[in-house]
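The values are calculated or read from the model by the stated rules, or taken from the named source; none is laboratory data. Keep in mind the model is a prediction, meaning the values are calculated, not measured. Here the Cβ positions follow ideal geometry from the backbone for every residue, glycine too, while neighbour counts run over all protein chains shown. Note: accessible area is taken over every heavy atom of the protein model, side chains too, but ligands, DNA and RNA are not part of it. Shrake-Rupley method; radii C 1.70, N 1.55, O 1.52, S 1.80 Å.
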Amino acid sequence: MIWLELGLVAFVLAAAVLIALSRDVVGATVTFAAFSLGLAVVWVLLAAPDVALVEAAVGAGVMSVLLLVAVIETDCLSSGDDEEQRFRPINWPLVAVLSVLAVPFGWTTLSLPAFGSPDAPAVQATYPDGGLTPYGYYIEATLVDAGFSNAVVAVLVVFRGLDTFGELVVAFAAAASVLVVLDRAVIP
Amino acid sequence: MSDPTRPSGGEGPFVQSPVTRTAARTLTPFVLAYGVYLSLFGTSLPGGAFQGGIVVGAAFVLVGLAFGFGPMRRWIHPGAFAACFLLGIGTFGAVGMGGFFLGGAVLDVLVYPVDVEWIVKLVEVAIAVVIGVIVTGLAIWLSAGVGDGGERE
């Protein structure tokens, strides 16, 4: 099992590097779809099927189509065919900056509790001083008050409805403003 | 179809391939059903309205890729998108205000006299409609390119 996970992570990393370095934008877009599918399987292995569904549908499906549309509409299709090399030169100063940034992220990741550990603070029902943790509060409230089992949906609709409502309005406003900028705001 | 060989002139990217068309025609009902299923049963299974809405939107994008975004733009009235958005957000808002009038807080769905799962399912369908409208609308109007002063195609 660990080899499957390692292979998937290697595949995702290789795809990410290919996307960053490729000169062929259509190839990079297709590689991006493969990257998202690999990441979706990683989410499934990490027991996060909700995130995997979004990653597969948005990352691999809708996002690739939107990127393809952008590539075709901006006439970037022919760029790179006359070049000798298929990859961009690596921007070493950028790599150095990102490596420095990666150190605290990697250090934080390594200091997290083990995956699925029952002693992790995130899955304790109470803090050491006796107060309810968010986990204890929401899981208990989900099971007792709401009466159904998907805690994510319970939090989104029952406990944090205003956030979800605002999210929808903001998402539609964002889509509408994109169409306004493109002069496609057709109100009949 | 104006030009059957290559996409151009704001028709967006689509391929006149029988393989793509057959695949789209075969898959779309299943993708749509899966999206509805995710929205309705997100209360007890992995999934939910955001996932279901995106899957429904992806089904429309698949149809657009196979049969052309241009015909789709002529087929779907732009007002339908605004209407669907208002329907979804209005349902969500009405449920929220209903909680207020039943004596709870605004958006408090626990005060309804019926099983809260049914209220949540109703809200989920409303959210899925809004998300599907956003995904579909973005794809089919982005593929039209920069507009020409708001004239309808």
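Roughly how many debye, to the nearest 20, is the charge dipole of the protein assembly as shown about its Cα centre, given +1 on each Lys and Arg Cβ, -1 on each Asp and Glu Cβ, and no other charges? Kindly include the intermediate steps, with their values, before the conclusion.
On the way: 12 positive and 26 negative charges, 116 e Å.
Charge dipole of the protein assembly as shown: 560 debye, to the nearest 20.
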Just reorder A:138, A:127 by solvent-accessible area, largest first, 1.4 Å probe, all chains present. A:127, A:138
Work from the charge dipole of the stretch A:1-81 (Cβ charges, +1 for Lys and Arg, -1 for Asp and Glu, about the Cα centre) and give the residue of A:74, A:60, A:1 farthest towards its positive end. A:1
Other protein chain Cβ atoms within 10 Å, averaged over every residue that makes up B:48-61: 5
Dipole moment magnitude, nearest 20 debye, chain A about Cα centre, only Lys, Arg, Asp, Glu C-beta charged: 100
Over the heavy atoms of residue B:141, what accessible area does a 1.4 Å probe trace out, to the nearest 10 Å²? 20
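For the protein assembly as shown, what does the accessible surface come to per residue with a 1.4 Å probe? Please give it in Å². Can you show the working numbers first?
Values: 18970 Å² over 341 residues.
Result: 56 Å² per residue.
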Across peptide B:82-92, what mean number of C-beta atoms from other chains lies inside 10 Å of a residue's C-beta? 2
Please determine, in degrees from 0 to 90 and to the nearest 10, the orientation of helix A:63-73 with respect to the longest principal axis defined by the Cα atoms of chain A, where the helix direction is its Cα long axis. 30
As a test of the formula, what do you get for the protein assembly as shown when each DSSP H run with n ≥ 4 contributes -39,500 (n - 2.57) and the sum is divided by the residue count, at 222 nm and rounded to the nearest 500 deg cm²/dmol? -20500 deg cm²/dmol
Rounded to one decimal in nm, the spacing of the 7 Å Cα→Cβ label points at residue A:122 and residue A:14 is 2.9
For the stretch B:58-90 and the stretch A:113-173, distance of Cα centres in Å: 34
If you take the accessible area of B alone plus A alone and subtract the pair, what total do you get in square angstrom, rounded to 100, with a 1.4 Å probe? 4100
Could you work out how far helix A:92-110 tilts from the main Cα principal axis of chain A, as a 0 to 90 degree angle to the nearest 10? 20
Just to be sure I understand the model, the point goes 7 Å from the Cα along the line to the Cβ. What's the resulting residue A:109 to residue A:170 distance in nm? 2.6
Which residues' amide hydrogens lie under 5 Å from the amide hydrogen of residue A:132, considering only partners 5 or more residues apart or on another chain, with H built in the peptide plane? A:127
For the stretch A:36-52, in residue order, the Karplus 3J(HN,Hα) values (coefficients 6.51, -1.76, 1.60; θ = phi - 60°; whole Hz; Gly and Pro = x) are 5, 5, x, 5, 4, 5, 4, 5, 4, 5, 8, 6, 10, x, 4, 5, 4
Dipole magnitude (debye, nearest 20) for chain B, charges at Cβ of Lys, Arg, Asp, Glu: 400
Share of carbon and sulfur in the accessible heavy-atom surface of the stretch A:118-188 [1.4 Å probe, %]: 68
Output ordering of B:131-140, B:88-97 (per-residue mean of other Cβ within 10 Å, highest first) is B:131-140, B:88-97
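For residue A:181 and residue A:100, what is the calculated FRET efficiency with R₀ set at 35 Å and r taken between the beta-carbons, to the nearest 0.05?
Working: r = 36 Å, r/R0 = 1.02.
Plugging the Cβ-Cβ distance into 1/(1 + (r/R0)^6) gives 0.50.
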Which residue, chosen from B:54, B:29, B:132, occupies the Cα position most advanced towards the positive end of the dipole of the stretch B:18-142, where the dipole is computed from +1 (Lys, Arg) and -1 (Asp, Glu) charges on Cβ about the Cα centre? B:29
Charge dipole of the protein assembly as shown about the Cα centre (unit charges at C-beta), most positive-ward option of A:41, A:113, A:29: A:29
Counting only protein heavy atoms, probe 1.4 Å: which residues of the stretch B:101-121 lose 10 Å² or more of accessible surface in the full assembly compared with their chain by itself? B:107, B:109, B:110, B:116, B:117, B:120
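Can you work out the FRET efficiency for the pair residue B:102 and residue A:48, with r the C-beta to C-beta distance and R0 = 30 Å, to the nearest 0.05?
Calculated transfer efficiency: 0.25.
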Theoretical FRET efficiency, 1/(1+(r/R0)^6), r = Cβ-Cβ of residue A:87 and residue B:36, R0 56 Å, to 0.05: 0.80
